[in-house]
Amino acid sequence: MTVTANGLDELAALAGSELGVTEWLEVGQDRIDTFADATDDHQWIHTDPEKAARGPFGAPIAHGYLTLSLFIPLFSDLLDVRGVTTKVNYGLDKVRFPAPVKAGARIRLRATLASVDEVRGGVQIAVDGTVEIEGGEKPACVLRSLSRFYA
């Protein structure tokens, strides 16, 4: 379920709140191949299913940065901030990839709005996110994302 904040004051009031968990999203081989084409990263562990089946993970795996990039669409399902003119990605404080995402696996995001701090013209939020793998013992990605919202 999406949490909606109408303006920066309502967003600030959500600081420290768990935003919830998204629906599952499949990371198929087609998505992995498209990401490989976009980034010119065609390492066999991602794009050669036959060879990857004999590799260390027993299947092709998603690029770590593909998993990270899926944070944005997943996060958009958790928080909608209205009444602002601009929303920008400000960066990351921490990113780790504890477990690979095998082609065909499903992932979801669990996120907490860690903080909301004033910046000139708006606010900066820090979101603690965990990208979970369905049936996995370890998460695919653990991160702290920074975004800015301007009035």
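The values are calculated or read from the model by the stated rules, or taken from the named source; none is laboratory data. All figures in this text were calculated on a predicted structure; none of them were measured in a lab. Glycine gets a Cβ as well: all are built from the backbone with ideal geometry, and neighbour counts include every protein chain shown. SASA here: full protein model, heavy atoms, side chains in, ligands and nucleic acids out. Shrake-Rupley method; radii C 1.70, N 1.55, O 1.52, S 1.80 Å.
For Ala5, nonlocal amide neighbours, meaning residues 5 or more places apart or on other chains whose placed amide H falls under 5 Å from its own, are Asp80, Val81, Arg82. For the range 2-86, trypsin sites (Lys or Arg not before Pro) are listed when DSSP marks them as loop and at most 13 other Cβ atoms sit within 10 Å of their Cβ; the list is Arg54. Amide H contacts under 5 Å for Gly20: Ala111, restricted to partners 5 or more places along the chain or on a different chain, H placed in the peptide plane at 1.01 Å from N. Provide the FRET efficiency to the nearest 0.05 for the Asp33-Thr4 pair, computing r from the beta carbons and using R0 = 41 Å. So, using R0 = 41 Å, E works out to roughly 0.70. By a straight-distance test (C-alpha under 19 Å), which aspartates and glutamates pair with Lys138 as possible cross-link partners, with residues fewer than eight away in the same chain excluded? Output for Lys138: Glu23, Glu26, Asp128.
Between Glu134 and Arg106, full extension at 0.36 nm per residue minus the direct alpha carbon distance yields a gain of 9.5 nm. Calculated over the range 70-151, the projected area of the Cα convex hull averaged across directions stands at 5.6 nm². Both radii come from the Cα set of the range 29-109: Rg as radius of gyration, Rh as Kirkwood radius; their ratio Rg/Rh reads 1.06.
Quick one: pull the percent of accessible area on the chain belonging to carbon and sulfur, 1.4 Å probe, ligands and nucleic acids left out. It is 47 percent, rounded to a whole number. Sum up the charges of everything whose Cβ sits under 13 Å from the Cβ of Arg106, counting Lys and Arg as +1 and Asp and Glu as -1, but leave Arg106 out. Net charge in that neighbourhood comes out at -1. For the chain, averaging the sequence separation of C-alpha pairs within contact (under 8 Å, six or more residues apart) and dividing by the residue count gives a relative contact order of 31 percent. Local charge for Leu143 was computed over the other residues whose Cβ lies under 13 Å away, with Lys and Arg +1 and Asp and Glu -1, and equals +1. Counted residue by residue at 0.36 nm each, then reduced by the alpha carbon distance between them, the extension gain from Asp40 to Lys87 reaches 14.1 nm. Distance between the 7 Å Cα→Cβ label points at Ser69 and Val21: 2.7 nm.
Using just its DSSP H runs of length 4 or more, each adding -39500 (n - 2.57), the chain gives a mean residue ellipticity at 222 nm of -6000 deg cm²/dmol after division by all residues.
Listed by chain and number, the lysines whose alpha-carbon sits under 17 Å from that of Lys51, ignoring those within fewer than 8 places in the same chain, are Lys102.
Its alpha carbons give the range 57-98 an Rg and a Dmax of 14.1, 47 Å.
The spread of Cα positions in the chain, taken along each principal axis and listed from longest to shortest, comes to 53, 30, 22 Å. Pop a pseudo-label 7 angstrom from the Cα along the beta-carbon direction at both Glu50 and Ser76 and give the gap in nm to one decimal. The modelled label-to-label distance comes out at 3.7 nm. In degrees, nearest 10, range 0 to 90: what is the angle between the Cα axis of helix 29-39 and the longest Cα principal axis of the chain? Once rounded, one gets 70 degrees.
The distance linking the range 12-32 with the range 33-71 is 21 Å (Cα centroid to Cα centroid, whole angstrom). Panel values: the range 1-69, Kirkwood radius from alpha carbon pairs, Stokes-Einstein at 10 °C and 1.306 mPa s, translational diffusion coefficient 108 µm²/s.
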